[in-house]
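Colleague: Have a look at this one before I ask anything.
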Amino acid sequence: MLFDLKGKRRRVVQVTYLGLAILIGLGLIGFGVGSGVNGGLSDIFGGGGGSNTATKTIQKRIDATNRQLALNPHNPAALSLLVRDHYQLASTRGNATTTGFTAKGRQELAHAADAWKRYLAETPKPDPALAAYMFQAFDVTALNQPENATKALEVLAAAQPTPTAWVKVVVYASLARDSRAVASASQKALRLAPPSQRATVKQQIKTAKAEGAAAAARTGTGPAQP
């Protein structure tokens, strides 16, 4: 269930998710967010913006890609471009400084999400850079779909498997109230941990579960619709 960001609950939601976003965002740097990937957590919580020229250029690319997909709707390379360009267009159309993407930006993110779902159906090994885009697209200050954000994080953790990466998945899986994803990510984090670090990783998992569950309780978050 998506929760409302209007009224008195907005500040609680912002503070809660700012902490979670910082936790996840530090790890996403290794996957390209904040470097080669255009648009990062700093863009979500900071100002976006962009020139009309940039917006028109991206829109022309989107139109060209859609023409390609009209001829071959199962082209994963074209779908990948569509995900990237819709995300970039969402960023150039501006972000509110405290509440995330604007309404127009979220419309573009919804288009990116549609392209992402089609892309996932066409490739057995998703591009982790695209997953980094989509984690941000599905996050609370954007489309607010924590279950789908969890799935994007799973792609990232599978690409660079470390205990820390899977503990981050535990945070969002707990936030999404997805017990299966919590259990799976916890097991993977422990399996990757050296014997000398397993006690520490167990404590990190416990903390991650508590933080995610507490955030879900405070904000009323539940599983997103598929």
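Colleague: Could we say that R61 is at pLDDT 90 or above, farther than 30 Å from G212 by Cβ and either in the same structural domain as K168 (by TED's automatic domain parsing) or over 12 Å from the mean Cα position of the chain (by Cα) (or both) here?
Modeller: yes
Colleague: Residue under question is A77, and the condition is that it be free of Cβ contacts under 8 Å to residues at least 12 places away in the same chain, more than 26 Å from G220 (Cα to Cα) and out of contact with any Lys or Arg (no Cβ under 8 Å at 6 or more places or on another chain); does it hold?
Modeller: On the way: free of Cβ contacts under 8 Å to residues at least 12 places away in the same chain: yes; more than 26 Å from G220 (Cα to Cα): yes; out of contact with any Lys or Arg (no Cβ under 8 Å at 6 or more places or on another chain): yes.
Criteria met by A77.
Colleague: Scan the range 109-137 for residues that are among the polar types (S, T, N, Q) and over 17 Å from A158 (Cα atoms) and jot them down.
Modeller: Correct list: Q136 only.
Colleague: Sticking with this structure for a sec: Of the residues in the range 191-207, how many are touching a residue at least 12 places away in the same chain (Cβ under 8 Å) and either in contact with a helix residue (DSSP H, G or I) (Cβ under 6 Å, 6 or more places away or on another chain) or of a type in the set (K, R) (or both)?
Modeller: Just the residues of the range 191-207 that are touching a residue at least 12 places away in the same chain (Cβ under 8 Å), to begin with: 192-193, 197, 201-202, 204-205.
Narrowing the set further to residues that are either in contact with a helix residue (DSSP H, G or I) (Cβ under 6 Å, 6 or more places away or on another chain) or of a type in the set (K, R) (or both) leaves 192-193, 201-202, 204-205.
Total satisfying the criteria: 6.
Colleague: Would you mind finding the one in T162, T150, T219 that is surrounded by fewer than 23 Cβ atoms within 10 Å (Cβ to Cβ) and either of a type outside the set (S, T, N, Q) or at pLDDT 95 or above (or both)?
Modeller: Within the list T162, T150, T219, the selection yields T162.
Colleague: Report whether or not A181 is closer than 24 Å to A115 by Cβ and either in the same structural domain as A216 (by TED's automatic domain parsing) or outside any helix (DSSP H, G or I) (or both). Quick ask: steps written out before the conclusion?
Modeller: Numbers: closer than 24 Å to A115 by Cβ: yes; either in the same structural domain as A216 (by TED's automatic domain parsing) or outside any helix (DSSP H, G or I) (or both): yes.
So A181 fits the description; yes.
For (1) assigned to a helix (DSSP H, G or I); (2) under 11 Å from the mean Cα position of the chain (by Cα), each residue gets a yes or a no:
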{"site": "V140", "(1), (2)": "no, yes"}
{"site": "N144", "(1), (2)": "no, yes"}
{"site": "A149", "(1), (2)": "yes, yes"}
{"site": "L153", "(1), (2)": "yes, yes"}
{"site": "T164", "(1), (2)": "yes, no"}
{"site": "K168", "(1), (2)": "yes, no"}
{"site": "R177", "(1), (2)": "no, no"}
{"site": "Q187", "(1), (2)": "yes, no"}
{"site": "A199", "(1), (2)": "yes, no"}
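Colleague: Quick one: P126 ticks every box in (1) within 22 Å of A215 (Cα to Cα); (2) out of contact with any strand residue (DSSP E or B) (no Cβ under 6 Å at 6 or more places or on another chain) except a single one, so which number is it?
Modeller: For P126, the failing item is (1).
The values are calculated or read from the model by the stated rules, or taken from the named source; none is laboratory data. The structure presented is a predicted model; accordingly, all values stated were derived computationally and were not measured. Methodologically, a virtual Cβ is constructed for each residue, glycine included, from the backbone with ideal geometry; neighbour enumeration extends over all protein chains shown.
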